[in-house]
1. What ranking of SER226, SER111, SER299 comes out by heavy-atom accessible area, probe 1.4 Å, highest first?
2. So how much accessible area does THR266 have, in Å² to the nearest 10, using a 1.4 Å probe?
3. Which FRET efficiency value, to the nearest 0.05, do you get for LYS238 and HIS298 by plugging their Cβ-Cβ distance into 1/(1 + (r/R0)^6) with R0 = 22 Å?
4. Quick one: with all protein chains in place, what share of the accessible area of region 221-266 is carbon or sulfur, to the nearest percent (1.4 Å probe)?
5. Arrange the residues ARG91, ARG127 by how much accessible surface each exposes, largest first, with a 1.4 angstrom probe.
6. What ranking do 176-185, 251-260 get when scored by the average of other Cβ atoms within 10 Å per residue, highest first?
7. Ordering THR175, THR46 by how much accessible area each has at a 1.4 Å probe, largest first, what is the list?
8. Here are some pairs, LYS142/LYS296; LYS73/LYS96; LYS249/LYS296; LYS138/LYS241; LYS101/LYS296; LYS204/LYS225; which of them have Cα atoms lying more than 18 Å apart in this structure?
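The values are calculated or read from the model by the stated rules, or taken from the named source; none is laboratory data. It should be emphasised that the depicted structure is a prediction, and the values quoted were computed from it without experimental measurement. All Cβ positions, glycine included, derive from the backbone under ideal geometry; neighbour counts span all protein chains shown. Protein only, heavy atoms only, side chains kept; ligands, DNA and RNA dropped before computing areas. Shrake-Rupley method; radii C 1.70, N 1.55, O 1.52, S 1.80 Å.
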Amino acid sequence: YLTLLLTSAFFLGHLENTLAAELYSGNSEKYLAYFARNQTIYPNYTKDNCHLDSRENPEISPQLLSICTIPAKANQPTLFFVGNSHADHLRALAAKLAQQKGYGIDGISQSSCQFPYAEKKKKKCDRTQLHQYERVLKTAKKGDVVIIANRYEIKNWDVPEKNLSWVGIPQVMGTLNQFAELLQKKGVATVLMMPLPEFSHNTKECLAEWFRPEFSLKQICGEEKSTLLKLRKPVYEKLDKSLSPVIHKYDPFNLLCPDEICTHFTRDNPPLFIDSHHLTNYGAEFLYDNFLQFLKQHSILK
């Protein structure tokens, strides 16, 4: 009896370390590299270094700036990326623009803290994002571009007590418009990222596993494009009506969801999203050609 128990224990332990690990990994192992978003092609220009914690309110020190900026090559503009985690998840796009085109990059973002500051419950965001506002306004020079990227609280738009979206606060929209108009007087363009698709499930929930077969995913992980567009419509329309005409609106929705059914993946399968709304590094770089074309079509960059 004791021998049987020991044998069973050994077998279960071995199973846990080998077979079970393989069974639970399903096909997700090949995607793990896509979910690691801490690195870019520039060693210091990373989420770990340049995406600030919402619970802190640090000064933007010269040391932080030196780490989180990529100097422009001769006669090239600097692109400033400001906002919350939706600015941070564009870090790989910014790095590629620097590498391929020689643009300067300035990229300090803050978790859960919109730019310009809006959430009344997160008072600690105030000083850092206000500092960003003043610093960018002072630093940006003619020919530079400021890219503002925030997550929009689109799912609670019709629930006032839950809706923290800065889009619904007239004072904040006024501040945003004033910021862009002051920049325009300096010859600096402002680009606002429009709402991305927001899914009901995280990417990892949409990977086949032994306990989650491929056929079951089609029902929960393919979402109607029309539904996702309807979900963001009130926010999109509010932005469309409220934004100053000097602000350029970049909307990558159709690029990220080209078909009638939207998924977390491209047609050739790499994941665009880490979770329900943040881009992978691959997803950020996926925007590269389209974003560059947008900047040139609108004469923002030559």
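1. Working: SER226 75, SER111 35, SER299 100 Å².
Sorted by accessible area, descending: SER299, SER226, SER111.
2. 20
3. Working: r = 22 Å, r/R0 = 0.99.
Result of the calculation: an efficiency of 0.50.
4. On the way: 1150 of 2270 Å².
Carbon and sulfur atoms account for 51 percent of the accessible area of region 221-266.
5. Details: ARG91 10, ARG127 120 Å².
Largest to smallest exposure gives the sequence ARG127, ARG91.
6. In descending order of packing, they fall as 176-185, 251-260.
7. Details: THR175 45, THR46 5 Å².
Accessible-area ranking of THR175, THR46, largest first: THR175, THR46.
8. Details: LYS142/LYS296 16 Å; LYS73/LYS96 14 Å; LYS249/LYS296 13 Å; LYS138/LYS241 28 Å; LYS101/LYS296 13 Å; LYS204/LYS225 20 Å.
Check vs 18 Å cut-off fails for LYS138/LYS241; LYS204/LYS225.
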